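Below is one structure, written out as structure tokens; the observations come after it.
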Number of protein chains: 2
Amino acid sequence: MKIATVKGTNDYLPKEAAMRDYLQSVILETYRASGFQRIMTPAIEDAENLDKSEGGENLNLIFKILKRGEKLDKALEEGKYNELSDMGLRYDLTLPLTRYYAANKDKLILPMKCIQIDKVYRAERPQKGRLREFVQCDIDILGTSSCYAEVELIDVTARALMAIGIGEFRIRVNDRRILKNVLSNLGFAAEELDSVCITFDKLDKVGVEGVKAELTEKGFAAESIEKLADMLANMPFTLESIRPYCTDEETLANLTAIMDTVKQIAGGKYEIVFDISLVRGQGYYTGTIFEAESTKFRGAIGGGGRYDNLIGKFLNESVPAVGFSIGFERIFSILMESGMEIPDARKRIALLYDPQEFQSVYAKAEELRKEYDVALFERPKKTGKFLNRLEEQGYHGFLMAGKDEISWF
Amino acid sequence: MKIATVKGTNDYLPKEAAMRDYLQSVILETYRASGFQRIMTPAIEDAENLDKSEGGENLNLIFKILKRGEKLDKALEEGKYNELSDMGLRYDLTLPLTRYYAANKDKLILPMKCIQIDKVYRAERPQKGRLREFVQCDIDILGTSSCYAEVELIDVTARALMAIGIGEFRIRVNDRRILKNVLSNLGFAAEELDSVCITFDKLDKVGVEGVKAELTEKGFAAESIEKLADMLANMPFTLESIRPYCTDEETLANLTAIMDTVKQIAGGKYEIVFDISLVRGQGYYTGTIFEAESTKFRGAIGGGGRYDNLIGKFLNESVPAVGFSIGFERIFSILMESGMEIPDARKRIALLYDPQEFQSVYAKAEELRKEYDVALFERPKKTGKFLNRLEEQGYHGFLMAGKDEISWF
């Protein structure tokens, strides 16, 4: 039998599991205090829901669950190889949330402010940091177009990041409508915009020349590409300096209101900046998009945006929605590498006994458990070696049965 | 798109999710205080590991994950329909735990005392109470044959059940070796014992006559069946009254020690009884088996046992192991139906504001969040109706922006 975990998934040792629990509980408490309420959805979703969900590139990464019994036999007999599966594992928490809202809206407070902390699955190519099973921590507000939904999501997420102790970070924001308006004003056609955005998203990796080359290869008009390159020479833009390129006054005003309000309530604890080059991969975003990035560690530690059309796929009504997801796995690996200890954790001690002492020692352990986590171990032959092992594994001390004083490592 | 969850899976409303979080945290805290440490394993396992795992009937209930790309094409082209999948979703937490132990034993304290609280998946036929995605809460002790491992698992699980507030319960215990010894002494052949046990497991559902009928149908010797029926007329047995039928003195002495010690440390807070009719379905149990049952609500609320051979499938060494799993979903549904409220939960209030007040109200909310969970809502047109809705959904009060006094429902 195979001892290793399947590719792209992890076992977590006690110390790692404790850190994951700690981080999730800090995030959950911050979100709850801010009036968000946790909901839970299944990891398995209907295949059709997943396939039609506008998840962008993630649609290619869905783990599909094989049909069973007669249903499977039938699909195989008839050679319908695209019907071997009718369910799959969710690739994010947004699609399940929109289905959830459609299924349960009569039982919910609207606007709905919800928390999701759960596992998602993607058949990513294995490479450092890309897991196939990972945790997402999302908050979402459904049922309001108010710009204060964005403000709350950004500030509440920022407070969770501060509570975790991830260090300095900044929030980058953009709006898909601003980006598309700018590109459109540069001469790209409406039907070309999505494709241009996909290339534009690679700006920080491939640079202006790389973007030009890919857009040229895609066959877009040389004139528009040149105009874009000229514009990019003026990076970075502010919401003021982008105005010559953008005619969507309403969206500019909305994003200005969001940024101004966030700045005021943040009181300098974190930074929020406009970034025209922020695109975000998901196909379903329709307006504001944002990303949290550590100023010290590379890569995003959170991201989100507005997805006003997704719920309409389930219900024949338009429901505005916006969400922010913390990059849990990135944060977990940053904090583990930094050697962070869990603050205020209960101390863990071992109580060593000989078999005949079990009952008396059990009562003693119960008493100590009011204050400490207490593990019982039969006294091993090589006690010294065992004690070293305990210390190595993060135990804080030990007590020999019959003794009164805990020996601290 | 499909609004309902896939068959056998649930969405959880905020109130339900809060209860699930509460129950899991009480269980986790009880386990941690008792010196067990949480570990985590992936929900996806290698198909071969799952298939060869002695999971009994559960092996027929594994959700398999479809291969992708070239691998899938190859299996289909070659008509190797039993090779369409090389991974599956775990059906319990025990198989992943044994793989985990094999993979990580050099990094663990031995004996290993671990907690697992996580989702498992089974393609159960949909019927009341049988979910396809559900949570298990397990504690296990790996690396010791000591009867105090059983004692600790039983008492720590019992304390978790008491902490949850599930009401009166009792622990039934048996040992597969006692059961098999008794059956063997009645004349059943060694190779028949597993099959006899499967039938015997149905005793409480089909009665003595039902067991006789099924054993007869299976073609076992009439004389042995009669002897078994005669014996069953003397049900229930104690560890004393089973002695005339059992010649395995060592196992009897071991189970007596377990029961006596548990009784003493339990101090009458819960009952522990011997039950020769307890079998438990899993194929991997080798010795002691136990089940927790509520005296008020039907069905087991926990179960477990010793599985000394499972880890040997990964490592060429025998590692004794024993575990106890809380029936989380059963307990969750009992407590939800009982209308239980989460003890000492923070109160949740709504703060209603008009858009121009957002900033001042946000500062006020931050202040209140030290004591309450505070959700911000723009004041809706039909305020009265909205307030009724909040009360209905479990909010404890509300505050209008600009006012100082919280109005409690």
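Criterion first (over 20 Å from residue A:54 (Cα atoms), under 12 Å from the mean Cα position of the chain (by Cα) and more than 8 Å from chain B (Cβ to nearest Cβ)) does residue A:117 satisfy it? It is true that residue A:117 is over 20 Å from residue A:54 (Cα atoms), under 12 Å from the mean Cα position of the chain (by Cα) and more than 8 Å from chain B (Cβ to nearest Cβ). Of these, B:335, B:399, which one is surrounded by 13 or more Cβ atoms within 10 Å (Cβ to Cβ) and within 14 Å of chain A (Cβ to nearest Cβ)? Result of the check over B:335, B:399: B:399. Answer yes or no: is there a residue in the stretch B:244-261 that is among the aliphatic types (A, V, I, L, M), part of a loop (DSSP other than H, G, I, E, B) and modelled with pLDDT of 95 or more. Taking every residue of the stretch B:244-261 in turn, none turns out to be among the aliphatic types (A, V, I, L, M), part of a loop (DSSP other than H, G, I, E, B) and modelled with pLDDT of 95 or more. Residues satisfying the criterion are absent from the stretch B:11-25 (criterion: in contact with an Asp or Glu (Cβ under 8 Å, 6 or more places away or on another chain), of a type in the set (A, V, I, L, M, F, W, C), in a loop (DSSP other than H, G, I, E, B) and modelled with pLDDT of 95 or more). Checking the stated criteria, residue A:100 turns out not to satisfy the condition of being touching a Leu at 6+ places or on another chain (Cβ under 6 Å) and either within 8 Å of chain B (Cβ to nearest Cβ) or within 30 Å of residue B:357 (Cα to Cα) (or both). Is there a residue being under 21 Å from the mean Cα position of the chain (by Cα), under 27 Å from residue A:92 (Cα atoms), at pLDDT 95 or above and in a loop (DSSP other than H, G, I, E, B) anywhere in the stretch A:307-328? Checking the stretch A:307-328: at least one residue is under 21 Å from the mean Cα position of the chain (by Cα), under 27 Å from residue A:92 (Cα atoms), at pLDDT 95 or above and in a loop (DSSP other than H, G, I, E, B).
Residue-wise test of (1) more than 9 Å from every other protein chain (Cβ to nearest Cβ); (2) of a type in the set (A, V, I, L, M); (3) on the phi < 0 side of the Ramachandran plot.
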{"position": "A:342", "(1), (2), (3)": "yes, yes, yes"}
{"position": "A:345", "(1), (2), (3)": "yes, yes, yes"}
{"position": "A:352", "(1), (2), (3)": "yes, yes, yes"}
{"position": "A:359", "(1), (2), (3)": "no, no, yes"}
{"position": "A:362", "(1), (2), (3)": "no, no, yes"}
{"position": "A:376", "(1), (2), (3)": "no, yes, yes"}
{"position": "A:383", "(1), (2), (3)": "yes, no, yes"}
{"position": "A:393", "(1), (2), (3)": "no, no, yes"}
{"position": "A:407", "(1), (2), (3)": "yes, no, yes"}
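Restricting the search to the stretch A:105-114, which residues are facing chain B (nearest Cβ under 8 Å) and over 24 Å from residue A:29 (Cβ atoms)? Break it down into steps so the answer makes sense when it comes.
As a first pass, look at the stretch A:105-114 and keep what is facing chain B (nearest Cβ under 8 Å): A:107-109, A:111, A:113-114.
Result: A:107, single match.
Residue by residue through the stretch A:133-178, note down the ones that are over 15 Å from residue A:285 (Cβ atoms), buried (at least 22 other Cβ atoms within 10 Å of the Cβ) and either without any contact (Cβ under 8 Å) to a residue 60 or more places away in the chain or among the small types (Gly, Ala, Ser) (or both). Scanning the stretch A:133-178 gives A:158, A:160. For the stretch B:364-374, give me each residue that is of a type in the set (Lys, Arg) and either in contact (Cβ under 8 Å) with a residue 12 or more places away in the chain or at the interface with another protein chain (Cβ under 8 Å from one of its Cβ atoms) (or both). Once the filter is applied, which keeps residues that are of a type in the set (Lys, Arg) and either in contact (Cβ under 8 Å) with a residue 12 or more places away in the chain or at the interface with another protein chain (Cβ under 8 Å from one of its Cβ atoms) (or both), the stretch B:364-374 yields B:364, B:369.
This table checks each residue for (1) out of contact with any strand residue (DSSP E or B) (no Cβ under 8 Å at 6 or more places or on another chain); (2) of a type in the set (A, V, I, L, M).
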{"residue": "A:351", "(1), (2)": "no, yes"}
{"residue": "A:359", "(1), (2)": "yes, no"}
{"residue": "A:364", "(1), (2)": "no, no"}
{"residue": "A:372", "(1), (2)": "no, no"}
{"residue": "A:395", "(1), (2)": "no, no"}
{"residue": "A:398", "(1), (2)": "no, no"}
{"residue": "A:402", "(1), (2)": "yes, no"}
{"residue": "A:408", "(1), (2)": "no, no"}
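Among the residues of the stretch B:273-316, just one is among the hydroxyl-bearing types (Ser, Thr, Tyr) and within 14 Å of chain A (Cβ to nearest Cβ), namely B:284. Please determine whether any residue of the stretch B:229-239 is over 28 Å from the mean Cα position of the chain (by Cα) and either of a type in the set (S, T, N, Q) or closer than 30 Å to residue A:360 by Cβ (or both). Checked against the condition, which is being over 28 Å from the mean Cα position of the chain (by Cα) and either of a type in the set (S, T, N, Q) or closer than 30 Å to residue A:360 by Cβ (or both), the stretch B:229-239 yields at least one hit.
Taken over the stretch A:1-55, the residue count meeting the criterion of being out of contact with any Pro (no Cβ under 9 Å at 6 or more places or on another chain) and not hydrophobic (A, V, I, L, M, F, W, C) is 22. Residue B:184 meets each of the listed conditions (1) within 11 Å of chain A (Cβ to nearest Cβ); (2) outside any strand (DSSP E or B) apart from (1). Note on the stretch A:26-64: among residues that are part of a helix (DSSP H, G or I) and at the interface with another protein chain (Cβ under 7 Å from one of its Cβ atoms), the one that is surrounded by the fewest Cβ atoms within 10 Å (Cβ to Cβ) is A:48. Do we have any residue at all in the stretch A:259-277 that's assigned by TED's automatic domain parsing to the domain that holds residue A:199 and closer than 25 Å to residue A:98 by Cβ? No: zero hits.
The values are calculated or read from the model by the stated rules, or taken from the named source; none is laboratory data. None of these values were measured; they are calculated from a predicted model. Quick reminder, even Gly has a Cβ in these numbers, built from the backbone with ideal geometry, and neighbours come from all protein chains shown.
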